[in-house]
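Notes to accompany the following structure.
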Amino acid sequence: MSSEPVHVLLIGSGGREHALAWALRKSFRTGKLFIAPGNPGTAELGTNIALDISDFDAVSEFIQEQGITLTVVGPEQPLVDGIADYLEARGCAVFGPSAAAAQLEGSKSFAKEIMQKYGIPTGEYRLFSMDGQNEAAEYIGDCTTWPLVIKADGLAAGKGVFICQDRTEAFNALDYIREDKALRSASDRIIIEEFLEGEEVSVFAVCDGETAQVIAHAQDHKRIGEEDTGLNTGGMGAYAPTPLLDHESLAEITRSIVNRTIEAMKKEGHPYKGVLYCGLMMTPDGPKVIEYNCRFGDPECQVILPALLTDINDLLLAVANGRLDTIKIETDPDVYYTCVVLASEGYPRSYPKGRVISGIPADTEHLLSFHCGTGMDEETGRLVTSGGRVLNIVGKGRTLRESITNAYRGVSSVQFEGMYYRRDIGAKGLKYL
Ligand code: AMP
Ligand code: GLY
């Protein structure tokens, strides 16, 4: 690999981006590192830059001015909006898929159609148009198996999925989707899907358009409450790797899900480049796709990047430049990481901001802290809460249990008013050891 410095522009502002910035800073190849817009955590590792990331022209100008070698896109929205297409057309190397390929996340109906056409295992489903509400209502009226899953088609920031236990809940979900402006404007389609039973796992593969390599797997904790109860969130914690997957099941997932998806996207004329996040349900009939995402998971990224032994610049550039075959990806096989998300009281509903944060532990061999929803109070210069998910505390261990203990030891020193976190992150993994 060349040892030229890589000047990086990283797009995003959450814990995932703080973890990416941390990994990039660790790489001896990283030259300049800009994060747009970044957060107070990324400011310690590079230069935060107040670029409007929806203004692709401004992003492109910045890249030219600074001689950026690689642009890494953290979140899905700019990818679905076509930032990779725009920048690549101007000669920039981008880690992240084209808008057409990002439809795997941006349109659940697109993803379902690909899976059906190419024999990729997923739940049974029916597609309805938003205007044809009567057809959806008739389908629900005739349904005899519950629960049933109803989803709005477009990007919905986690708010477009309804698991309905009976007809009343299903009709309410239909009404909600129809009346919610954001959901309606994202797409005019509704998916009604079979409820899949089992444990959920997240599998991550990097793909350069031609081939894919699975780099990690993890388990997220999506519900707000312990033992997976209460409202769905962006993710309240994660651990990796998950003992739910062994060598054999991973080989099967690579064959029947990852490789088939990459082949499918090539055949459809939308080669997939970037990281493919497969959200899977381990059902009694084998792994099935619940959803695809076109980016690293958050908080999964925070527990998979620390185990990566391959230089991150080598990896991301190989993906961006279609040269994945030239590198061997290695991860530390003997470590576990557990991430506990510290959230604001009220999340995922409305929550207060501006609460003073103290006691963030210093990074050690066994502990890392990443910022997600933090900000600087301009008057006092103090670190305050500014989002629903505020901080990520990541513990490392030679066993899953040790990584959990280290994560919660780190959590114990942090304080802000109304701090909420789940106390059982990783416990569901211990059951399988
Ligand atoms: P999604 O936004 O599609 O990832 O859905 C959010 C969450 O809803 C998933 O992480 C699952 O926990 C749950 N979910 C979605 N679809 C299904 C399904 N077909 N069966 C069971 N649970 C589901
Ligand atoms: N942790 C779930 C997600 O990133 O979508």
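Applying the condition of being of a type in the set (Lys, Arg) and either more than 15 Å from Arg126 (Cβ to Cβ) or within 12 Å of ligand 1 (Cβ to nearest atom) (or both) to the range 138-190 and asking which residue is least open to solvent (accessible area, probe 1.4 Å) yields Lys151.
Taking the conditions (1) more than 14 Å from ligand 1 (Cβ to nearest atom); (2) open to solvent by 30 Å² or more (accessible area, probe 1.4 Å); (3) hydrophobic (A, V, I, L, M, F, W, C) in turn, Cys207 satisfies each one other than (2).
This table checks each residue for (1) modelled with pLDDT of 95 or more; (2) within 16 Å of ligand 2 (Cβ to nearest atom); (3) part of a strand (DSSP E or B).
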{"residue": "Leu20", "(1), (2), (3)": "yes, yes, no"}
{"residue": "Arg25", "(1), (2), (3)": "yes, no, no"}
{"residue": "Leu33", "(1), (2), (3)": "yes, no, yes"}
{"residue": "Thr71", "(1), (2), (3)": "yes, no, yes"}
{"residue": "Leu79", "(1), (2), (3)": "yes, yes, no"}
{"residue": "Ala102", "(1), (2), (3)": "yes, yes, no"}
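The condition of being in a loop (DSSP other than H, G, I, E, B), of a type outside the set (A, V, I, L, M) and touching a residue at least 60 places away in the same chain (Cβ under 8 Å) holds for only one of Tyr408, Tyr337, Tyr347, that being Tyr347. Taken as a whole, the condition of being within 15 Å of ligand 1 (Cβ to nearest atom) and at pLDDT below 95 does not apply to Asn293. Of all the numbered requirements in (1) within 16 Å of the chain's Cα centre (by Cα); (2) open to solvent by 30 Å² or more (accessible area, probe 1.4 Å); (3) without any contact (Cβ under 8 Å) to a residue 60 or more places away in the chain, Glu200 misses one, and that requirement is (3). Just to be sure, is Ala84 among the small types (Gly, Ala, Ser), in contact with a Ser or Thr (Cβ under 6 Å, 6 or more places away or on another chain) and either in a helix (DSSP H, G or I) or open to solvent by less than 10 Å² (accessible area, probe 1.4 Å) (or both)? Against the criterion (among the small types (Gly, Ala, Ser), in contact with a Ser or Thr (Cβ under 6 Å, 6 or more places away or on another chain) and either in a helix (DSSP H, G or I) or open to solvent by less than 10 Å² (accessible area, probe 1.4 Å) (or both)), Ala84 qualifies.
Among the criteria (1) surrounded by fewer than 22 Cβ atoms within 10 Å (Cβ to Cβ); (2) more than 16 Å from ligand 1 (Cβ to nearest atom); (3) over 30 Å from Ile404 (Cα atoms), the one Glu193 does not fulfil is (2).
Scanning the range 219-228 for residues that are part of a strand (DSSP E or B) and either away from ligand 1 (no atom under 13 Å from the Cβ) or free of Cβ contacts under 8 Å to residues at least 60 places away in the same chain (or both) yields Arg223, Gly225.
Evaluation of Pro361 against the conditions (1) at pLDDT 95 or above; (2) under 23 Å from the mean Cα position of the chain (by Cα); (3) surrounded by fewer than 21 Cβ atoms within 10 Å (Cβ to Cβ) shows that the sole unmet condition is (2).
Number of residues in the range 104-137 that are of a type in the set (S, T, N, Q), in a loop (DSSP other than H, G, I, E, B) and surrounded by fewer than 15 Cβ atoms within 10 Å (Cβ to Cβ) equals 0. Hey, can you tell me all the residues within the range 296-334 that are under 13 Å from Ala212 (Cα atoms) and either free of Cβ contacts under 8 Å to residues at least 40 places away in the same chain or within 16 Å of ligand 1 (Cβ to nearest atom) (or both)? Within the range 296-334, Thr326, Lys328 meet the criteria.
The values are calculated or read from the model by the stated rules, or taken from the named source; none is laboratory data. Just so it is clear, the model here is predicted, and its values are computed rather than measured. Cβ sites come from the backbone with ideal geometry, for glycine too, and all protein chains shown count toward neighbours. Just so you know, the surface numbers come from the protein's heavy atoms only, side chains and all, with ligands and any DNA or RNA stripped out. Shrake-Rupley method; radii C 1.70, N 1.55, O 1.52, S 1.80 Å.
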